[in-house]
Amino acid sequence: MFFKKNVQPAKNELLMKKNIVLNCTAQNKEEAIVRAGEMLCNSGYVTHGYVDGMLAREKKLSTCIGNYIAIPHGESEVKKEIISSGLVVMVYPKGITWDEETVNLVIGIAGVGDEHLEILRNIVERLDTPEAVQELVQSGDADKIYQVFRD
């Protein structure tokens, strides 16, 4: 894994455009989780220990929430690794097998305190149907994805 050191996110910026990656590929969900975790770390949202917590969380309970979405995040034991709340969005047009479902949108989340609950609620509200997710995935437009998460 490659982690940058001493990177701080822009103040109060939950999602940075650079953290929206289109046309991703991964061999499996673990590879996708590590990549999302590295992006969170390299953007200054978390320390590298958070990535291990993301993988541990996935072993206990799948973060696939349906509608072609997975929301990998760290387990409670790694909350201390969160520097500030943030997210990364990775689009897998060809999909990843995530347990027994196909995932096209991986949204890595780090939430300070209970902010992760609000982040999760907002994701579910904005992407409440499989059609909404597929429209976003097929758009191939990072600006459109950014607006969905910023509005």
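If you check Thr47, Thr25, which single one turns out to be more than 24 Å from Lys144 (Cβ to Cβ), in contact (Cβ under 8 Å) with a residue 12 or more places away in the chain and not hydrophobic (A, V, I, L, M, F, W, C)?
Going through Thr47, Thr25 in turn, just one is more than 24 Å from Lys144 (Cβ to Cβ), in contact (Cβ under 8 Å) with a residue 12 or more places away in the chain and not hydrophobic (A, V, I, L, M, F, W, C): Thr47.
Of (1) acidic (Asp, Glu); (2) modelled with pLDDT under 95; (3) touching a Ser or Thr at 6+ places or on another chain (Cβ under 8 Å), Glu125 satisfies all except one. Which?
(3)
Anything in the stretch 28-77 that is in contact with a helix residue (DSSP H, G or I) (Cβ under 8 Å, 6 or more places away or on another chain), farther than 18 Å from Leu105 by Cα and surrounded by fewer than 19 Cβ atoms within 10 Å (Cβ to Cβ)? List them, or say none.
Thr47, His48, Gly49, Asp52, Ala56, Glu75, Glu77
Within the stretch 95-151, how many residues turn out to be more than 18 Å from Asn67 (Cβ to Cβ) and part of a helix (DSSP H, G or I)?
9
I'm checking my understanding of the structure. Among residues of the stretch 107-147 that are small (Gly, Ala, Ser) and surrounded by 13 or more Cβ atoms within 10 Å (Cβ to Cβ), which one is nearest to Val46 (Cα to Cα)?
Among residues in the stretch 107-147 that are small (Gly, Ala, Ser) and surrounded by 13 or more Cβ atoms within 10 Å (Cβ to Cβ), the one nearest to Val46 (Cα to Cα) is Ala110.
When residues of the stretch 41-75 are filtered for being farther than 22 Å from Asp99 by Cα and either at pLDDT below 95 or not aromatic (Phe, Trp, Tyr) (or both), how many remain?
8
Pairs please, first residue from the stretch 119-143 and on the phi > 0 side of the Ramachandran plot, second anywhere and exposed (fewer than 15 other Cβ atoms within 10 Å of the Cβ) and not hydrophobic (A, V, I, L, M, F, W, C), Cβ atoms under 9 Å, 6+ apart in sequence or on different chains.
Gly140/Asn23; Gly140/Pro93
The values are calculated or read from the model by the stated rules, or taken from the named source; none is laboratory data. Quantities reported herein were computed from a predicted structural model and do not represent experimental measurements. Note that we place each Cβ from the backbone using ideal geometry, even for glycine, and neighbour counts take in every protein chain shown.
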